[in-house]
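Quick notes on the structure that follows.
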Amino acid sequence: MSLERTLVILKPSAVQRGLIGEITHRFERKGLRLAGMKMMQLTEDLLNEHYAHLAGKPFFPRVKASMMACPVIVCCYEGVDAIQVVRSMTGATNGRVAVPGTIRGDYCVSSQENIVHTSDSPKTAAEEIARFFKPEELFEYDRAIVDFLYYPEEYKLT
């Protein structure tokens with residue numbers, strides 16, 4: 001187990017549907033610590049970098065158009081095994097097959113308009129966080145509840 005940071009983007013489908021509070025509430029109630037959050041309008045250049053692995057796919061122009069439809073909310077969450085925790089909470093990419101109880105299982109029926117983007121590995125998380133946040137936009141702070149979230153051996157600052 002390790003303390004990790006991960007990126008979460010609340011996509012235009014979440015913003016337009018008024019789900020920002022619902023989704024951030026779920027991550028907070030799980031016990032993840034919010035290290036940074038901001039609203040921003042994504043640009044084509046930023047999306048070309050962020051989704052470079054999709055650049056040759058025929059659906060890539062739709063992805064970019066969808067992600068630029070309105071501002072997004074970009075969040076950095078921290079916790080023990082945060083990447084896996086967030087991905088488990090988020091559910092399958094296709095909302096039609098996402099398990100009820102997950103964010104996508106509860107709030108979407110699309111593979112494209114699927115509410116959130118989440119980092120998929122520690123390497124990707126580090127790259128994505130650096131892409132969307134300046135160091136001074138991320139915060140370290142103690143939470144009084146940490147002793148009620150983890151066993152002392154589980155929670156080590158690395």
Shape call for segment 73-158, from the Cα gyration tensor axes a ≥ b ≥ c (a/c under 1.5 means rounded, otherwise prolate when a/b beats b/c, else oblate), comes out oblate
Using θ = phi - 60° and the Karplus relation 6.51 cos²θ - 1.76 cosθ + 1.60, list the HN-Hα couplings for segment 70-80 in order, rounded to whole Hz, with x at every Gly or Pro. 6, x, 10, 10, 9, 10, 10, 10, 10, x, 5
Around Ser111, under 10 Å between beta carbons, what's the net of Lys plus Arg minus Asp minus Glu among the other residues? +1
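Within segment 83-158, which chymotrypsin sites (Phe, Trp or Tyr not before Pro) sit in a loop by DSSP and count at most 16 neighbouring Cβ atoms inside 10 Å?
Sites meeting the loop and neighbour criteria: Phe139, Tyr141, Tyr150, Tyr155.
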Summing Lys, Arg as +1 and Asp, Glu as -1, what charge do residues with Cβ under 10 Å from the Cβ of Gly91 carry, Gly91 excluded? +1
Along each principal axis, Cα extent of segment 2-158, largest first, Å: 48, 35, 25
Tell me the angle of helix 20-30 to the major Cα principal axis of the chain, expressed in degrees between 0 and 90 and rounded to the nearest ten. 30
List, in order, the whole-Hz ³J(HN,Hα) value for each residue of segment 38-47 obtained from phi through the Karplus relation with A = 6.51, B = -1.76, C = 1.60 and θ = phi - 60°; use x for Gly and Pro. 7, 9, 8, 8, 6, 9, 4, 4, 5, 5
0 to 90° range, to nearest 10: angle between helix 122-132 axis and the chain longest Cα axis: 70
Rounded to the nearest 500, what is the 222 nm mean residue ellipticity of the chain from helices alone, with -39500 (n - 2.57) per DSSP H run of 4+ residues and division by all residues? -10000 deg cm²/dmol
The chain: most fluctuating residue of Asp106, Asp45, Asp120 per GNM, C-alpha cutoff 10 Å: Asp45
Top mean-square fluctuation among Ala125, Ala35, Ala55, Gaussian network model of the chain, C-alpha springs under 10 Å? Ala55
What residue among Arg104, Arg87, Arg26 has the largest mean-square fluctuation in a Gaussian network model of the chain, using Cα springs under 10 Å? Arg26
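Give, in nm to one decimal, the length gained when the segment between Glu154 and Val99 is fully stretched (0.36 nm per residue of separation minus the Cα-Cα distance).
Working: separation 55, 0.36 × 55 = 19.80 nm, distance 2.80 nm.
That pair, Glu154 and Val99, stretches by 17.0 nm at full extension.
None of the figures in this text is laboratory data; all of them are computed from the coordinates on show. Source: prediction; values computed, not measured. Ideal geometry is used to build each Cβ from the backbone, glycine not excepted, and the neighbour counts take in all protein chains shown.
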